1. Output the pairs from Lys140/Lys169; Lys15/Lys51; Lys140/Lys185; Lys131/Lys183; Lys19/Lys40; Lys121/Lys183 with a Cα-Cα distance over 25 Å in this structure; if there are none, say none.
2. Which aspartates and glutamates have a Cα less than 19 Å from the Cα of Lys54, not counting those fewer than 8 places away in the same chain?
3. What order, most packed first, do the peptides 132-142, 14-24 have when packing is the mean number of other Cβ atoms within 10 Å of each residue?
4. Would you mind ranking Lys82, Lys7 so that the residue whose beta carbon has the fewest other beta carbons within 10 Å leads the list?
5. Placing +1 on the Cβ of each Lys and Arg and -1 on the Cβ of each Asp and Glu in the range 1-99, which of Tyr5, Cys53, Leu81 has its Cα farthest towards the positive end of the resulting dipole?
Amino acid sequence: MIYLYIKTHRKTGLKYLGKTVQDPFAYPGSGIRWLRHVRKHGNDVNTEILKECKNNEEVKAWGSYYSDLWQVVNNPEWANLKPELGEGGSVKGRPGNTKGLTYEEIQKDTKAAQQRRENHKNWMFENNPFKGKKHSEEAKAKMRDVRKTMIANLTDEERKQLLGHNKGKPWSEARRIAQQQRKNKK
């Protein structure tokens with residue numbers, strides 16, 4: 001059974017339209033705005049079951065109906081950031097859920113995610129607004145002062161850990177080459 005429900009915060013009156021296969025009275029909801037609101041104002045919530053659906057198509061139909069009826073996305077009385085179409089939760093084939101997937105399918109998703117991260121990293125490197133610029137002497141002095149103040153406020157243990165974390169460790173080949181290149185530039 002899939003439950004379509006409304007949660008209403010008793011103190012603030014904010015509402016949330018959601019669906020779950022769990023006990024709707026125990027389930028807190030999964031919306032980002034809703035969960036943030038509950039964390040801030042407490043879990044003083046009333047739950048009302050709208051429909052008990054047999055499948056995802058039924059949830060999608062009723063969820064769409066109620067989302068449009070109450071304009072849950074555009075209405076400030078609701079915490080929903082998107083219409084309730086039964087798309088959340090743990091369903092085979094959805095991102096982040098590996099239940100029922102083969103190893104190859106999981107790896108494909110992981111490789112695609114790695115590629116997206118790599119592309120973003122490269123894009124950020126190429127489009128960095130500070131690329132090719134240098135800090136002014138005044139800015140460097142300010143950063144130096146902040147660093148000195150930060151280190152001065154550390155306990156002896158924290159200072160030792162921060163300043164000596166690489167002490168006694170052998171340099172990697174890449175670090176050795178980078179250090180040599182820095183010396184050659186001077």
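Derivation of every value follows stated rules applied to the coordinates shown; laboratory data play no part. Source: prediction; values computed, not measured. So basically every Cβ, Gly included, is an ideal-geometry build from the backbone, and we count neighbours across all protein chains shown.
1. Checking Cα-Cα distances, Lys140/Lys169; Lys121/Lys183 exceed 25 Å.
2. The reachable aspartates and glutamates, counting only those whose Cα sits under 19 Å from Lys54, are Asp23, Glu84, Glu87.
3. By packing density, highest mean first, the sequence is 14-24, 132-142.
4. Lys82, Lys7
5. Highest projection toward the positive end goes to Leu81.
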